[in-house]
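Asks: If you scroll down you'll find the structure; I have some questions about it.
The values are calculated or read from the model by the stated rules, or taken from the named source; none is laboratory data. Remember, predicted model here, so these are calculated numbers, not experimental data. A quick note on method: Cβ atoms are made from the backbone with ideal geometry, for glycine too, and the neighbour counts reach across all protein chains shown. We work out accessible area using only protein heavy atoms, side chains counted, and drop any ligands, DNA or RNA first. Shrake-Rupley method; radii C 1.70, N 1.55, O 1.52, S 1.80 Å.
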Amino acid sequence: MTLNLDDAKNTAEVLTTALPYIQRFVDKLIVVKYGGNAMTDPELESSFARDIVLLKTVGMHPVVVHGGGPQVDNLLKELGRQSDRIDGMRVTDKSTMDIVEMVLGGSVNKSIVSLINKHGGRAIGLTGKDANLIQAKKLMMEKIGADGIAVPVDLGFVGDVVSVNKDVINMLIASDFIPVIAPLGVDAEGNTYNINADLVAGKVAEFLQAEKLMLLTNIKGVLGRDGEVVTGLTPKKVDSLIEDGTISGGMIPKIQCALDAVRSGVKSAVIVDGRVPHATLLEIFTNEGVGTLISREIEA
């Protein structure tokens, strides 16, 4: 069976269009935060795994940091337990932390590793506890009360990233493996913390000085007042969009992770619509992409 002429031309065009992007990103490190719908839809799971394997096959160095909030919620529900949230952050006591660690560091992490390996990759699963990969501290949160005074809020074993042991990741990359990291960290006393996956991905990208940070999400990207995706942003433009209210609510923490990474030396960060099949490839191998790009270009 052979391709007809039109299909052959289309296939050749796709392949040749990818060439300059392969050349641009070969030997570059790309950190991908994997979460949202892309983790719960079998078709999207498969397309993501294939994308990661393809990036590695053509000479790039993908590092995957994954979430797993819905999977944790499902197990808590099965166990008849309730998990409170404050401003979107899960309150994590000791027994809840045990469940979070079991789900994120166990079933979710190993499922992603297995899927990447099924498609021909060489993935290795890690948590932030392995070789002190992610050194953490307790996250201190404040809430403004009705009287306008900031009140401290104790979220339990919810952490912030202090540092990332980049030697571990670099060793795996040098050995041709794909690191898959669960967002758990450990402090100097050995306490385990549940950490936001976007935050971990941003810090991993920052400490490794990655070429690109990709945050897969459940929306098209940053939306302007007209409802269209805003892209080609610089840190200065992002600040102004937050100031005028264009960027607000739950998008602020996510874009703040991207912004911090760019300001700390990562070449670019992009908030990607993970609901689009092969979103990772479309973002790397096309000019248009499928999300909002933030880069540290020189600003006037």
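Asks: Could you please give the count of residues in region 92-105 that are surrounded by 14 or more Cβ atoms within 10 Å (Cβ to Cβ) and either among the charged types (D, E, K, R) or part of a helix (DSSP H, G or I) (or both)?
Replies: 8
Asks: While we're looking at this one, here's another question. Confirm whether residue 142 is surrounded by fewer than 13 Cβ atoms within 10 Å (Cβ to Cβ), of a type in the set (Asp, Glu) and touching a strand residue (DSSP E or B) at 6+ places or on another chain (Cβ under 7 Å).
Replies: yes
Asks: For region 263-300: of the residues being more than 24 Å from residue 56 (Cβ to Cβ) and not hydroxyl-bearing (Ser, Thr, Tyr), which is modelled with the lowest pLDDT?
Replies: 300
Every residue, every condition in (1) assigned to a helix (DSSP H, G or I); (2) hydroxyl-bearing (Ser, Thr, Tyr); (3) modelled with pLDDT under 95; (4) open to solvent by less than 20 Å² (accessible area, probe 1.4 Å), yes or no:
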position	(1), (2), (3), (4)
151	no, no, yes, no
162	no, no, no, no
169	yes, no, no, yes
181	no, no, no, yes
185	no, no, no, yes
200	yes, no, no, yes
203	yes, no, no, no
206	yes, no, no, no
220	no, no, yes, no
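Asks: Touching a Gly at 6+ places or on another chain (Cβ under 9 Å), more than 15 Å from residue 65 (Cβ to Cβ) and open to solvent by 70 Å² or more (accessible area, probe 1.4 Å): does that describe residue 129?
Replies: So residue 129 fails the test.
Asks: Within region 258-278, track down each residue that is of a type in the set (A, V, I, L, M), in a loop (DSSP other than H, G, I, E, B) and surrounded by 24 or more Cβ atoms within 10 Å (Cβ to Cβ).
Replies: Residue satisfying the conditions is 266 alone.
Asks: Which one of the conditions (1) at pLDDT 90 or above; (2) more than 21 Å from residue 164 (Cβ to Cβ) does residue 42 fail to meet, given that it meets all the rest?
Replies: Of everything listed in (1) at pLDDT 90 or above; (2) more than 21 Å from residue 164 (Cβ to Cβ), residue 42 misses just condition (1).
Asks: Quick one: which of 247, 255 is assigned to a loop (DSSP other than H, G, I, E, B), farther than 24 Å from residue 126 by Cα and of a type in the set (Val, Ile, Thr)?
Replies: Answer to the selection: 247.
Asks: Another question, then. Considering only region 60-88, state which residues are open to solvent by less than 80 Å² (accessible area, probe 1.4 Å), part of a strand (DSSP E or B) and over 24 Å from residue 169 (Cβ atoms).
Replies: 86
Asks: Next up: Among (1) more than 28 Å from residue 98 (Cα to Cα); (2) assigned to a strand (DSSP E or B), where does residue 215 come up short?
Replies: (1)
Asks: For region 122-144, check the following and say yes or no: at least one residue is more than 23 Å from residue 107 (Cα to Cα), part of a strand (DSSP E or B) and of a type in the set (A, V, I, L, M).
Replies: Among the residues of region 122-144, at least one is more than 23 Å from residue 107 (Cα to Cα), part of a strand (DSSP E or B) and of a type in the set (A, V, I, L, M), which makes the answer yes.
Asks: Can you list residue pairs whose Cβ atoms sit under 6 Å apart, with the first residue in region 17-40 being crowded, with 19+ Cβ neighbours inside 10 Å and the second being in a helix (DSSP H, G or I) and aliphatic (A, V, I, L, M)? Count only pairs 6 or more apart in sequence or on different chains.
Replies: Listed by first residue and then by second, the contacts come to 29/208; 31/201; 31/204; 31/205; 33/197; 33/201; 35/197; 38/44.
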